[in-house]
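Encoded as C-alpha cells, the structure appears first; notes follow it.
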C-alpha cells in the first residue's frame, strides 16, 4: 500500500529512540523482582526488527546511545550489552536486503541465534574478567523469552507504524 | 553480494567498518573501566536511575498492578477449595495465636526482670518498589526512598515477613536493593533450633544456598534461618527463611520475603551498633573531667 507517506528520516530515527526508551522502561516494570522469570530484552528485538526493515534510518549513534542507556538502566555490565547490541545490529544491517526478501521464519531464527550468541559472548567476557555471571538456566530462559517476543515486536511495528519488510526497497525505487 | 542502488559506495563502507571497530574498542574499554573502577561507575548508574525512574514510576506502577491483578484473577477458578483450605488453616492458627500471646507475655515479664534495654536506634523508613533490574545480570529492585530519607549504603531492607536484601547504591530520592538471590549477596545467619552459623549465599536461583555449615546433616527442612548480626551490616534476629534441601542435595533457604509481591519495603535506617573501642572506659564508673585531672599528677 503506497498511500501512506513515509516519514522524514530524522523523525523515524527519533521514533526509534523514543521506542527504545519505552522498551527499557518496560523492562524495569517490577513483576516479581527476585523471581525465576526473565523479562525479554525488548530493546534488542526492536533494534533488530528496525534495522532489518529500515537500515537507512537506524544510525550507528542511535544504537550506541540506546545500548549504553540500557546498560546503565538495566544494571548490565556497562559497555558489554551495548557492544553486543552494536555488533549484532551491524551484522543484521549488512544482511538487511536478504532478510527483507526472505521468509520471516529465517529472520526470526537468525535473530534468536544472534541473541543467544551475544549472551554467550557476554558470559564468556564476564568469566574472563572474573566477574559474577548469571546462571546458565537463567540465560537460556532469557534467550527463549526474547526470541518469543520478537514476532510480537515485529507485528506491533507492522501494525501500528506500517513498518513492513520491503518498504525500504520500495521507497528507494 | 549484489550491489544495490541505495547501498553506500565501497569507500564509505570501509570508513564505516573502521568506525564500528573503533566504537567497539571504546565499548570494550568502557567494560574494563566498569570492571576496574566499579564503585564510580555504579555511582553514575545510580544517579541516572535516580533521575530517570521516579519520573517514570507513574507508568511502571499501573502496569505492574494490572499484571498482578490478572495473576490473582486466575486464582478465582479454585476459590472454593481455597476457602476450605483457609478455614482449616485458620483453625490451626488460632491455636498458634494462643501460644504466641502466652509467649509474648512471658517474654515481656522476662525482659522486665532483666531490665533489658532494646536498641532504640533501629528505625525504619518504608518505601515502594518502583522498578526491578530489567535483566538477568543482577537481582535488584529500586525503591523510592533515598538519601533525603536517611537511607545509607548497606542498610538492610525487609518486607512484612522477612529480609529482602541490602541497599547498594543510594540516590537522592531512590535507592537500589540487592536482593538475597543475587550472586553477590552474602548474609551471616543462624539456623534456629540447632544454633548453627552459616552464610546465606545468593546464586541467582530463587532459593539461596547455605554455606560454611558445620554439620549440614543436623539441619532439618523447615528449620528457621535468621540473621546473626555478625559483621554489623544486618541487624540480628531478622527472619530470612526456612531450610530446604535442594535437588542437588545442598541446603538452601526458602525465603520468607515474598519476592513475587514485593510492594512495600522497610529499610533499616541506621545499623551502626556502638562498637567497644577499648576496655578502659568500661571498667568503673566514669569520673568527671576535673576529678581525672586531679588524680593523674598524684600517681
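Read-outs throughout are calculated quantities, based only on the coordinates presented, and are distinct from any laboratory measurement. Only a predicted model underlies this, so the values are computations on that prediction, with no experimental measurement involved. With ideal geometry, Cβ positions are generated from the backbone for all residues, glycine too; neighbour counts draw on all protein chains shown.
Partner chain Cβ atoms within 10 Å, averaged over the residues of A:94-106 - can you pull that number for me?
1
Most fluctuating residue of A:122, A:74, A:138 in a GNM of chain A with Cα springs under 10 Å: which is it?
A:138
In nm, give the distance between the simple-model label positions of residue B:39 and residue B:66, each being 7 Å from the Cα along the Cα-to-Cβ direction.
Going by the 7 Å Cα→Cβ label model, 4.3 nm.
Per the helix-only calculation at 222 nm, which mean residue ellipticity applies to chain A, given -39500 (n - 2.57) for every DSSP H run of n ≥ 4 and division by its residues, nearest 500 deg cm²/dmol?
Roughly -23000 deg cm²/dmol at 222 nm, from the helical runs in chain A.
Evaluate Rg over Rh across the range A:9-172, taking Cα atoms for both radii and Kirkwood's formula for Rh. Show your work: numbers first, answer last.
Values: Rg = 15.4 Å, Rh = 16.1 Å.
In the range A:9-172, Rg relative to Rh is 0.96.
For chain A, what's the relative contact order in percent, using C-alpha pairs closer than 8 Å and at least 6 residues apart?
Rounded, it is 28 percent for chain A.
By count of other Cβ within 10 Å, fewest leading, how are B:261, B:186 ordered?
Lowest to highest Cβ neighbour count: B:261, B:186.
Post the alpha-carbon centroid distance, the range B:188-246 to the range B:132-173, in whole angstrom.
Cα centres, the range B:188-246 to the range B:132-173: 21 Å.
For helix A:104-128, what angle does its Cα long axis make with the longest principal axis of chain A, in degrees from 0 to 90 and rounded to 10?
30 degrees
I need B:92, B:16 ordered by Cβ neighbour count within 10 Å, fewest first.
B:92, B:16
From largest to smallest, what semi-axes in whole angstrom does the range A:70-143 give when each is the square root of 5 times an eigenvalue of its alpha carbon gyration tensor?
In descending order, the three semi-axes are 26, 14, 10 Å.
For the protein assembly as shown, report the convex hull volume of the alpha-carbon atoms normalised per residue, in Å³, without decimals. Walk me through the numbers on the way to the answer.
On the way: hull volume 106.1 nm³, N = 472.
Residue-normalised Cα hull volume stands at 225 Å³.
Viscosity 1.567 mPa s, temperature 4 °C: what is the translational diffusion coefficient of the range A:47-113 from Stokes-Einstein with a Kirkwood Rh over Cα pairs, rounded to a whole number of µm²/s?
Here the translational diffusion coefficient equals 105 µm²/s.
Once the Cα atoms of helix A:136-160 and of chain A are each reduced to a long axis, what angle between those two axes, in degrees from 0 to 90 to the nearest 10, is obtained?
On a 0 to 90 degree scale, this one is about 20.
Return B:152, B:181 ranked ascending by Cβ neighbour count within 10 Å, so the fewest neighbours appear first. Walk me through the numbers on the way to the answer.
Details: B:152 15, B:181 25.
Neighbour counts put them in this order, fewest first: B:152, B:181.
What is the spread of the Cα atoms of the range B:124-268 along each of their three principal axes, largest first, in whole Å?
Reported extents, whole Å, longest axis first: 46, 29, 22.
At q = 0.18, 0.20, 0.29 Å⁻¹, what log₁₀ I(q)/I(0) does a Debye calculation on the Cα points of the range B:89-154 give, no solvent, two decimals?
With no solvent term, the Cα-only Debye profile gives -0.84, -0.85, -1.26.
Could you list log10 I(q)/I(0) for the range B:16-106 at q = 0.21, 0.22 Å⁻¹, which the Debye formula gives when each Cα is one point scatterer?
At q = 0.21, 0.22 Å⁻¹ the computed log10 ratios are -1.04, -1.07.
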